[in-house]
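Handing you a structure now.
FYI, it's all coordinate maths here, none of it is from the lab. Here the structure is a predicted model, which means the values were calculated and not measured. Cβ sites come from the backbone with ideal geometry, for glycine too, and all protein chains shown count toward neighbours.
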Protein chains: 2
Amino acid sequence: MPRPETDITATRAKIMAAADQIIHERGSISFTMTDLATAIGMSPSNLYRFFENKDALAEAMAEQWFAELHVIMEDLVSADMPVEEKLYQFFARRLAVKRGRCEEDPGLFESYMELGDEHFEVIKGYVDLADHYMASILVEAMEKGYFKGLELDNVVSLVNTMMQPFCNPRLMMQMMHLATEERLRMVINTILKGLQANDSPATGQPELHIAS
Amino acid sequence: MPRPETDITATRAKIMAAADQIIHERGSISFTMTDLATAIGMSPSNLYRFFENKDALAEAMAEQWFAELHVIMEDLVSADMPVEEKLYQFFARRLAVKRGRCEEDPGLFESYMELGDEHFEVIKGYVDLADHYMASILVEAMEKGYFKGLELDNVVSLVNTMMQPFCNPRLMMQMMHLATEERLRMVINTILKGLQANDSPATGQPELHIAS
């Protein structure tokens, strides 16, 4: 008889929590499925019924890691809010979540980054999805007249480039004291004011250029 | 009788080249001064005459690493060139040097980053010096009317924040294909056009805001 779906979900959650605990204790993701089975008091063959291999486990852990960030992004895309604020919130809210996690347990955070590096094909999907959400906000900004003369793809990658300290989790760890909300606001404003096609290098300061 | 200065310099250079070779071969900086002495066919006690410990060796290697970058920065600060171009060149020339080194031998590059992490007090001085050079270019830009309403310290750290993909060597390695000269030019222009105090969030697009 198949197990009820809720039991399976609960057991998977319990296994993921145990994996989390092992990573937390060892400060590393180098554990085997057998280690995990032992830690949870389950036979390896039983464990494999819930996760067919460590890849599947990593995928489920990534899903959990990104779940909260997803809700934030989805809410914002459809929010009734000026696009300037929307773009700021898109980074600020996720920054707050990631910073909170990192401050709570820097070692665990670092291990999750390592897990992500080892399973980049899983992470890649989430990164692309975040780009997709961001692109829809940037399109809204373009409709309002921002980023004159640029194609959307170009805007997406340039914004990503300038926003690295606020969205790349490894860099955030290094730059924690610099990647504040106040600076984020200024960087967003700089991008909104300044990012456009390279027709003239400094049209933002015309009155001064005439005077000099 | 003391050795002539030129002999000392030549021997130090030879020792540093051997250390470089060891790092290149092992892909790691975990060698001892005894390993180094063996590699170069020198007694440890003789080696210690040239470098009193591995810290002193790391310091000399950092000096060598930064020498070319220093010449670039010094030349630019006093160059007769519009400040917009100067700011672009400040990053573009160093980007080209670092990218060249990384492409030539990514493993050695990575090991040098590791060496820098282990001897951060040495690196810190070079980072501060680069900030000092950059600040003098930013002052020139402020005199021309850029970065209205901001203090120099604020401008330095905001520019550093947005320029990470073009100056942080680890991030450069990850973002090699994104941190191109073309994008650098656009980011520099965005900063020049858009970076100013947060009086109004989007004054760069006044005509469109009136229309919308």
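Taking each residue of B:181-188 in turn, how many C-beta atoms of other protein chains fall within 10 Å of its C-beta, and what is the average?
4
How much length is gained on full extension from B:N53 to B:D153, taking 0.36 nm per residue of separation minus their Cα-Cα distance?
Gain on extension, B:N53 to B:D153, equals 32.4 nm.
Continuing with this model, one more query. Per-residue Cβ counts within 10 Å, from other chains only, averaged over B:167-174: what number is that?
On the way: counts 0, 5, 0, 3, 6, 0, 0, 4.
If you average over the peptide's residues, the count of other-chain Cβ atoms is 2.
Rounded, prolate or oblate, given the Cα gyration tensor of segment B:1-113, with a/c below 1.5 counting as rounded?
oblate
For segment B:88-150, restrict the atom set to alpha-carbon positions and state the Rg and Dmax in Å.
15.4, 44
Using alpha carbons only, how many degrees (0 to 90, rounded to 10) separate the axis of helix B:54-77 from the longest principal axis of chain B?
40 degrees
OK, next. Take A:W65 and A:D7, extend 7 Å from each Cα along the Cα→Cβ direction, and tell me the distance between the two endpoints in nm.
With each label point 7 Å from Cα toward Cβ, the separation is 3.1 nm.
Moving on to the next point. Could you work out how far the C-alpha centroid of segment A:116-158 sits from that of segment A:72-96, in angstrom?
Comparing the Cα centres of segment A:116-158 and segment A:72-96, I get a distance of 14 Å.
Can you quote the Å³ per residue value for the convex hull of the Cα atoms in chain B, rounded to an integer?
Each residue corresponds to 152 Å³ of Cα convex hull volume.
Rounded, prolate or oblate: pick one for the protein assembly as shown, where a ≥ b ≥ c are the square roots of the eigenvalues of its C-alpha gyration tensor, a/c under 1.5 means rounded, and failing that, prolate if a/b is larger than b/c, else oblate.
The shape class here is oblate.
So for segment A:1-52, what percent of the C-alpha to C-alpha distances run longer than 15 Å?
45 percent
In addition: Pairs A:K124/B:K124; A:K124/B:K86; A:K124/B:K193; A:K98/B:K124: which are spaced more than 31 Å apart, C-alpha to C-alpha?
Those over the limit are A:K124/B:K124; A:K124/B:K86; A:K124/B:K193.
Explain nothing, just the number: relative contact order of chain B, from Cα pairs under 8 Å at least 6 residues apart, as a whole percent.
20 percent
Could you order the peptides A:59-65, B:186-192 from most to least packed, using the average number of other C-beta atoms within 10 Å per residue?
Averaged packing, sorted descending, gives the order B:186-192, A:59-65.
Between beta-carbons, use under 13 Å as the cut-off and find the net charge around B:V139, counting Lys and Arg +1, Asp and Glu -1.
-3
Using a 10 Å cut-off on Cβ to Cβ distances, tally the other chain neighbours for every residue of B:154-162 and report the average as a whole number. All intermediate terms of the calculation are to be shown ahead of the outcome.
Working: counts 3, 0, 0, 3, 5, 1, 3, 14, 10.
Going residue by residue through B:154-162 and averaging, the value is 4.
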